[in-house]
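Presented below is the structure to which this report refers.
The values are calculated or read from the model by the stated rules, or taken from the named source; none is laboratory data. The model shown is predicted, which means the values in this text are computed figures rather than measured ones. Using ideal geometry, Cβ is built from the backbone for each residue, glycine included, and neighbour counts are taken over all protein chains shown. Side chains included, ligands, DNA and RNA excluded: accessible areas come from the protein's heavy atoms. Shrake-Rupley method; radii C 1.70, N 1.55, O 1.52, S 1.80 Å.
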Amino acid sequence: NQGVTLTSPMSFDAGESLLTVVNKLLTSIGYWSLSVDTYGVFQVGPWAAPASRTPAWSFEAGELSLYRPGWTRTQDRSSVPNMVVAATSGSDTDPAIVGVARNDDPDSDYSTISRGREIAKRYDIDAESQASANSQAQQLLLGAMNPVLKVDVEHALVPLQANDAVLFWPQ
């Protein structure tokens, strides 16, 4: 997204941190929030769906396991939407940019087809183009349809970076 120009003004509250401003600008163009790698170098790049990321590490059970037993898992599946509407606020002169993403996949437990109805969730976003709004809507839908399976696990130090995907194979 080189050369992206804001199509409408963005404003921030006085005292807003520079990191918050940078991250909101990055999100508005479909990028990850700013992160730092293990060498202290700032990292910026386009957002990628978890399924499209190559796993950086695989935690496997067994004699050579790098994690301790006694891990816990939690997941909320009760409020999973199958449609996301992501919209900018717009102004008197510029209409809102609205991105919409739907799950109509008959093989998905959360789809409009499987549930027989739409379960929509609306998000306020900052976007500078229709493509960015659509991308953010898709990101938000993917995230919401894959309710976070939070696994609390203690493990040995491994070379992971922010936003790395990992595999977890418990016994």
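The portion of the accessible surface of the range 124-171 made up by carbon and sulfur, rounded to a whole percent, is 56 (1.4 Å probe; DNA, RNA and ligands excluded). Distance between the modelled labels on V41 and K24, one decimal in nanometres: 3.0 nm (7 Å Cα→Cβ projection). A Cα-only calculation for the chain places Rg and Dmax at 19.1, 64 Å.
Once the Cα atoms are used to define both axes, helix 130-145 deviates from the longest principal axis of the chain by about 30 degrees.
Rounded to the nearest 0.05, the FRET efficiency derived from the C-beta distance between L34 and T54 at R0 = 35 Å is 0.95. If you take all other residues with their beta carbon under 11 Å from the beta carbon of S28, and give Lys and Arg +1 and Asp and Glu -1, the sum is -1. Rounded to the nearest 20 debye, the dipole size of the range 1-85 about its Cα centre is 180 debye, using +1 on the Cβ of Lys and Arg and -1 on the Cβ of Asp and Glu. If only the Cβ of Lys and Arg carry +1 and only the Cβ of Asp and Glu carry -1, the dipole of the chain around its Cα centre is close to 320 debye.
Here the ratio of the Cα radius of gyration of the range 91-171 to 2.2 N^0.38 Å is 1.50. Using a probe of 1.4 angstrom and keeping all protein chains present, the accessible surface of the chain works out to 67 square angstrom per residue. Where both bridge residues fall in the range 37-153, DSSP classifies roughly 60% of the beta bridges as antiparallel. Summary of the geometry: the range 1-54 and the range 72-139, compared by the centres of their Cα atoms, lie 20 Å apart.
Principal-axis analysis of the Cα atoms of the chain puts helix 18-28 at an angle of about 80° to the longest axis.
Using the rule -39500 (n - 2.57) for each DSSP H run of four or more residues, divided by the residues of the chain, the 222 nm mean residue ellipticity is -5500 deg cm²/dmol. Between E118 and S79, the simple label model (points 7 Å from Cα in the Cβ direction) yields a spacing of 2.1 nm.
Farthest towards the positive end of the charge dipole of the range 1-121, among the residues G62, A14, I29, is the Cα of G62, using unit charges on the Cβ of Lys, Arg, Asp and Glu. Over the chain, what is the mean sequence separation of C-alpha contacts under 8 Å (at least six apart), divided by residue count, expressed as relative contact order in percent? Dividing the mean separation by the residue count of the chain yields 30 percent.
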